[in-house]
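J.: Before I ask anything, here is the structure I am working with.
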Amino acid sequence: MDVSTIIAPLNDAQRLAVSAPNQAMLVLAGAGSGKTRVLVHRIAWHIKINQISPFHILAVTFTNKAANEMRERIENMLEISARAMWIGTFHGLAHRLLRQHVEQAKLPANFQVMDSDDQLRLIKRLLKNLNIDETKWPPKQVQWFINAQKEEGIRARHMHESGDFYQRQMLTVYKAYEDLCDRSGLVDFAELLLRAHELLRDNEDLLHFYRQRFQQVHVDEFQDTNTIQYAWLRLLTEGNDNLFVVGDDDQSIYGWRGAKIENIFNFQKHYPNHQVVRLEQNYRSTGHILKAANTLIANNEARMGKELWTDAGEGLPISLYSAFNEQDEAYFVVEKIKQWVNDGGLRRDVAILYRSNAQSRQFEERLMTTGTPYRVYGGLRFFERMEIKNALAYLRLANHHDDDASFERIVNTPTRGIGAKTLDDMRILAREQNLSLWQASVRMLDENRLPPRAGNALKGFLNLILQLGGETLELPLHETVKLVVEKSGLIELYKKEKQDKGEARVENLEELVNAARLFDADSLNEENLSEVDLFLTHAALEAGEMQGEVDEDCVQLMTLHSAKGLEFKLVFMVGMEEGLFPSQQATDDPGRLQEERRLCYVGITRAMEQLYLTHAESRRLYGKDNYPRPSRFLREIPPESIQEIRLRAQVTRPAATFNSTLGNSTQTAGRYRMGQSVRHEKFGEGVVLQTEGEGDQKKVQINFRNAGIKWLMLAYAKLETL
Ligand code: ATP
Ligand code: MG
């Protein structure tokens, strides 16, 4: 193996970055220009040319999947084992640090990681305990507040008591929340990062050790690091100039979660000897796709300014489809996928990208009906599904009796006659005596405080948990999980549920046993944790990414956010509608709107060969009918790069061809006076009651004979006058 294996597959600018002498480095470049490739080759360069052992290398990626791929690529390139290299997400790495230094991190040895759903439940319970009205202080808002403080490195004790009422109330909750977590050994995601930072900051020896250990530190997707993550990187590297980051300001899409684009400027300030390398050639996409992305993102202000070019040729124009409704949209997309597969394409090269998880269902149903294998990433991720969380709560409680969150979750799932009154009494006792719910129940039983029925029910529950804990002691992990799933009564519970849903839940529980079988505890390199605890932690941290590497050739479904860094030959960006993408909240906030536009840029640049954009003229979302306008982003793509697809020429449409839909609709409203009879394609015949609004925004209220009274957007309602 010689240098050329590392250097040959790179262009000049990439080579410059990969082979640079040891110094802080910022590779700032647009999508698909090979930043991640540079990062991988830089690590290989260090190992091979600078003779740095993988043991001395740290790399931070955006997902666990990316981490595994990176390790594999390095191992294949160099034909070595890179197991000793620390590579993972910020959260994964922070967790690892905390586990290895629990004492210095001031955590109990068996601390548990909560995902955001667990956190929300805990907050709800806390608000109840504090007698704070949930309707005035929505738990989600409290959660957001707490996480936002932590992301900035602010603990409750750092905050002033003197703020306004809102601040003071939030501070009270934050304090109580910190206490509760400390007492129960619970750690939320933001806490992982904050504590890992404090761990190094406050323990000089440890910091010294890790500064020596990590001789080279690499970060992918640097634009999406938050304050505390960046502070952690700085602790490890400042003064050594050994931080190598790659990023793209145009792909910063986690501002809403505390990511700071400013970190790119901070980096330049804090590492004065740094070098900047810019990459301009895009290797991923064909001409039309790239042009669309470049033109769209030019609408944002305050960019660091980058242009991308490709020598891949123009390629196919971008296709635009205006669907009648969301079902039609799904139908269309799946038809196109069928064609792709018929023409010899692979399903795994196809991605359906959407703004919000709620959109996936339509596509899933259509894919299922047509028997097309697919896989949903993120969103309702495997380990986040209700039935899985319930089963894991049994597993947790069997191993950690004092885990109140799990106790609450399953004490009455399946129902076993432990009433609300009993639970309330238990909570009060726990609060007053500073006991866990488990301890409180034991005491209530010991002291005979319960009426016989409730007492027996509770006793039954505690015995079940004790039994699960005892019986599973000697079993291999998957047998343990199997036993828990069976004895918990969850299977019977879901078998009784309405057909499809219940069936799917039972299947998921079986899949959980399978996941446990495939789980490789050794790969985590943790000595001081039981296999069950490793599995539970894994479930909290890795949520969806671990449905096993499915070999089957599947269509990929995911949100635009989780598509970051990935690439697919054929991409569908669906639901390109105002109010959905850009999201409703973004439409009147210029900062958020720009973030949405960056998200759109991320979406477009995932496509290598072919990109479809679709929007629906009517959409049922969250139980409501909407008649959204096409997304403004469609207008920001050069029309010469777009080809409109029309399948339904026979459908009566208002003057709403692509251009007039996007521009100002000139639909005359005069015809729709009160009393006018009309016909709607779906709702049938009705009578106009009133109209409201102007131009594009004009709405009509119609009393349909069979469908009742509805408001419709005139421009999209496709009404026929009678
Ligand atoms: P993103 O911003 O989306 O994360 P990126 O800048 O990280 O993109 P990569 O994923 O590293 O880009 O590369 C994009 C594609 O281009 C990959 O398929 C990669 O293998 C290919 N590529 C990168 N550099 C070269 C090169 N010099 N020659 C050929 N192909 C390249
Ligand atoms: Mg990348």
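J.: Which members of the range 14-32 meet the condition of being among the hydrophobic types (A, V, I, L, M, F, W, C) and within 9 Å of ligand 1 (Cβ to nearest atom)? Give the steps one after another, and end with the answer.
T.: Initially, the range 14-32 is screened for residues among the hydrophobic types (A, V, I, L, M, F, W, C), giving 16-18, 20, 24-29, 31.
Result: VAL27, ALA29, ALA31.
J.: In the range 416-444, what residues are assigned to a helix (DSSP H, G or I) and loosely packed, with under 15 Cβ neighbours inside 10 Å?
T.: Pass one, the range 416-444, residues assigned to a helix (DSSP H, G or I): 420-433, 437-444.
Within the range 416-444, ALA420, LYS421, ASP424, ILE428, ARG431, GLU432, GLN433 meet the criteria.
J.: Which residue pairs have Cβ atoms closer than 8 Å, lie 6 or more positions apart in sequence or on different chains, and pair a first residue in the range 592-615 that is closer than 18 Å to PRO317 by Cα and in contact (Cβ under 8 Å) with a residue 60 or more places away in the chain with a second residue that is within 15 Å of ligand 2 (Cβ to nearest atom) and among the acidic types (Asp, Glu)?
T.: Hits for this filter: TYR601/ASP250; ARG606/GLU567; ALA607/GLU567; MET608/GLU567.
J.: Tell me yes or no: at least one residue of the range 208-218 is surrounded by fewer than 16 Cβ atoms within 10 Å (Cβ to Cβ), assigned by TED's automatic domain parsing to the domain that holds TRP86 and touching a residue at least 12 places away in the same chain (Cβ under 8 Å). Steps first, please.
T.: Filtering the range 208-218 down to residues surrounded by fewer than 16 Cβ atoms within 10 Å (Cβ to Cβ) leaves 208-209, 212-213.
Within this subset, residues satisfying the condition of being assigned by TED's automatic domain parsing to the domain that holds TRP86 are 208-209, 212-213.
Now restrict to residues that are touching a residue at least 12 places away in the same chain (Cβ under 8 Å): 213.
Looking for residues that are surrounded by fewer than 16 Cβ atoms within 10 Å (Cβ to Cβ), assigned by TED's automatic domain parsing to the domain that holds TRP86 and touching a residue at least 12 places away in the same chain (Cβ under 8 Å), one finds at least one in the range 208-218, hence yes.
J.: So which residues in the range 259-303 are assigned to a helix (DSSP H, G or I) and among the charged types (D, E, K, R)? Explain how you work it out, then say what you get.
T.: Of all residues in the range 259-303, those assigned to a helix (DSSP H, G or I) come to 262-270, 287-297.
Listed by number, the residues that qualify are GLU262, LYS269, LYS291.
J.: Being within 30 Å of LYS65 (Cα to Cα), of a type in the set (A, V, I, L, M) and modelled with pLDDT of 90 or more, is that true of even one residue in the range 398-415?
T.: Scanning the range 398-415, I find no residue that is within 30 Å of LYS65 (Cα to Cα), of a type in the set (A, V, I, L, M) and modelled with pLDDT of 90 or more, so the answer is no.
J.: Exactly one of these conditions fails for ASN626: (1) within 28 Å of LYS718 (Cα to Cα); (2) free of Cβ contacts under 8 Å to residues at least 40 places away in the same chain. Give me its number.
T.: It fails just one condition, (2).
J.: Okay, next question. Can you tell me which residue within the range 331-375, out of those that are aliphatic (A, V, I, L, M) and either surrounded by fewer than 17 Cβ atoms within 10 Å (Cβ to Cβ) or not assigned by TED's automatic domain parsing to the domain that holds GLN610 (or both), is farthest from the chain's Cα centre (by Cα)?
T.: Within the range 331-375, the first condition is being aliphatic (A, V, I, L, M), and the residues that meet it are 333-334, 337, 341, 346, 350-353, 358, 367-368.
Then keep just the ones that are either surrounded by fewer than 17 Cβ atoms within 10 Å (Cβ to Cβ) or not assigned by TED's automatic domain parsing to the domain that holds GLN610 (or both); that gives 341, 346, 358, 368.
Values: VAL341: 28, LEU346: 25, ALA358: 13, MET368: 23 Å.
In this case the residue turns out to be VAL341.
J.: Within the group LEU570, LEU634, LEU566, which residue is assigned to a loop (DSSP other than H, G, I, E, B), out of contact with any Ser or Thr (no Cβ under 7 Å at 6 or more places or on another chain) and aliphatic (A, V, I, L, M)? Break it down stepwise before answering.
T.: Working: LEU570 fails: assigned to a loop (DSSP other than H, G, I, E, B); LEU634 fails: assigned to a loop (DSSP other than H, G, I, E, B).
Exactly one residue qualifies, and that residue is LEU566.
J.: Can I ask one more? Could you check ALA393 against (1) more than 30 Å from LEU593 (Cβ to Cβ); (2) part of a helix (DSSP H, G or I); (3) without any contact (Cβ under 8 Å) to a residue 24 or more places away in the chain; (4) not assigned by TED's automatic domain parsing to the domain that holds GLU531 and say which number it fails?
T.: With respect to (1) more than 30 Å from LEU593 (Cβ to Cβ); (2) part of a helix (DSSP H, G or I); (3) without any contact (Cβ under 8 Å) to a residue 24 or more places away in the chain; (4) not assigned by TED's automatic domain parsing to the domain that holds GLU531, ALA393 is out only on (4).
J.: Right, SER660: assigned to a helix (DSSP H, G or I), over 13 Å from LEU320 (Cα atoms) and modelled with pLDDT under 80 or not? I'd like the intermediate steps shown before the answer.
T.: Values: assigned to a helix (DSSP H, G or I): yes; over 13 Å from LEU320 (Cα atoms): yes; modelled with pLDDT under 80: yes.
Here the answer is yes, as SER660 does meet what is asked.
J.: Of the residues TYR174, TYR254, which is within 16 Å of ligand 2 (Cβ to nearest atom), farther than 22 Å from VAL18 by Cα and either within 26 Å of the chain's Cα centre (by Cα) or among the aliphatic types (A, V, I, L, M) (or both)? Full working, then the answer.
T.: Working: TYR174 fails: within 16 Å of ligand 2 (Cβ to nearest atom).
Only one candidate qualifies: TYR254.
J.: Let me ask something additional. Which of the numbered conditions does ARG619 fail, given that it passes all the others? Conditions: (1) away from ligand 1 (no atom under 16 Å from the Cβ); (2) part of a loop (DSSP other than H, G, I, E, B); (3) not aliphatic (A, V, I, L, M).
T.: (2)
J.: In addition: Can you spot a residue in the range 468-489 that is over 30 Å from ARG443 (Cβ atoms), part of a helix (DSSP H, G or I) and of a type in the set (Gly, Ala, Ser)?
T.: Checked against the condition, which is being over 30 Å from ARG443 (Cβ atoms), part of a helix (DSSP H, G or I) and of a type in the set (Gly, Ala, Ser), the range 468-489 yields no hits at all.
J.: Given the conditions (1) free of Cβ contacts under 8 Å to residues at least 60 places away in the same chain; (2) within 16 Å of ligand 2 (Cβ to nearest atom); (3) not hydrophobic (A, V, I, L, M, F, W, C), report the number of the one that PRO272 does not fulfil.
T.: (2)
J.: In the range 705-722, which residue that is under 36 Å from the mean Cα position of the chain (by Cα) and assigned to a strand (DSSP E or B) is surrounded by the most Cβ atoms within 10 Å (Cβ to Cβ)?
T.: Among residues in the range 705-722 that are under 36 Å from the mean Cα position of the chain (by Cα) and assigned to a strand (DSSP E or B), the one surrounded by the most Cβ atoms within 10 Å (Cβ to Cβ) is LEU712.
J.: If a residue must be buried (at least 24 other Cβ atoms within 10 Å of the Cβ) and within 11 Å of ligand 2 (Cβ to nearest atom), how many such residues does the range 565-577 contain?
T.: Result for the range 565-577: 0.
J.: Would you mind stating whether THR5 is polar (S, T, N, Q), surrounded by fewer than 24 Cβ atoms within 10 Å (Cβ to Cβ) and within 28 Å of the chain's Cα centre (by Cα)? Outline the logic, then answer.
T.: Values: polar (S, T, N, Q): yes; surrounded by fewer than 24 Cβ atoms within 10 Å (Cβ to Cβ): yes; within 28 Å of the chain's Cα centre (by Cα): no.
In short, no.
J.: May I ask you to say which residue of ASP179, ASP250, ASP205, ASP224 is surrounded by fewer than 20 Cβ atoms within 10 Å (Cβ to Cβ) and either within 16 Å of ligand 1 (Cβ to nearest atom) or not assigned by TED's automatic domain parsing to the domain that holds GLY153 (or both)? First the steps, then the outcome.
T.: Working: ASP179 fails: either within 16 Å of ligand 1 (Cβ to nearest atom) or not assigned by TED's automatic domain parsing to the domain that holds GLY153 (or both); ASP250 fails: surrounded by fewer than 20 Cβ atoms within 10 Å (Cβ to Cβ); ASP224 fails: surrounded by fewer than 20 Cβ atoms within 10 Å (Cβ to Cβ).
Exactly one of ASP179, ASP250, ASP205, ASP224 is surrounded by fewer than 20 Cβ atoms within 10 Å (Cβ to Cβ) and either within 16 Å of ligand 1 (Cβ to nearest atom) or not assigned by TED's automatic domain parsing to the domain that holds GLY153 (or both), namely ASP205.
J.: Please go through (1) free of Cβ contacts under 8 Å to residues at least 60 places away in the same chain; (2) closer than 13 Å to LEU509 by Cβ for ILE418 and return the number of the only condition it doesn't satisfy.
T.: (2)
J.: Further question on the same structure: Return the residues of the range 13-68 that are in contact with a helix residue (DSSP H, G or I) (Cβ under 7 Å, 6 or more places away or on another chain), crowded, with 21+ Cβ neighbours inside 10 Å and among the polar types (S, T, N, Q); say none if nothing qualifies.
T.: GLN14, THR61, THR63
J.: Another question about this same structure. Given the conditions (1) within 13 Å of ligand 1 (Cβ to nearest atom); (2) in contact (Cβ under 8 Å) with a residue 60 or more places away in the chain; (3) in contact with a Phe, Trp or Tyr (Cβ under 7 Å, 6 or more places away or on another chain), and given that LYS35 satisfies all but one, which numbered condition is not satisfied?
T.: (3)
J.: Residues that are within 15 Å of ligand 2 (Cβ to nearest atom): list the strands (runs of 3 or more DSSP E) wholly contained in the range 1-108 that include at least 2 such residues.
T.: Working: elements: 25-29, 57-60, 86-88.
Result: 25-29, 57-60.
J.: Right, here's the next one. State yes or no: is GLN141 on the phi < 0 side of the Ramachandran plot, buried (at least 20 other Cβ atoms within 10 Å of the Cβ) and within 21 Å of the chain's Cα centre (by Cα)?
T.: On the way: on the phi < 0 side of the Ramachandran plot: yes; buried (at least 20 other Cβ atoms within 10 Å of the Cβ): no; within 21 Å of the chain's Cα centre (by Cα): yes.
Judged against the criteria, GLN141 is not a match.
J.: Can you tell me how many residues in the range 578-601 are within 16 Å of ligand 2 (Cβ to nearest atom) and either of a type in the set (A, V, I, L, M) or surrounded by fewer than 21 Cβ atoms within 10 Å (Cβ to Cβ) (or both)?
T.: First, pick out the residues of the range 578-601 that are within 16 Å of ligand 2 (Cβ to nearest atom): 598-599, 601.
Narrowing further to those that are either of a type in the set (A, V, I, L, M) or surrounded by fewer than 21 Cβ atoms within 10 Å (Cβ to Cβ) (or both): 599.
Count: 1.
The values are calculated or read from the model by the stated rules, or taken from the named source; none is laboratory data. These figures come from a predicted structure and were not determined experimentally. In this analysis, Cβ positions are derived from the backbone assuming ideal geometry, glycine residues included, and neighbour counts consider all displayed protein chains.
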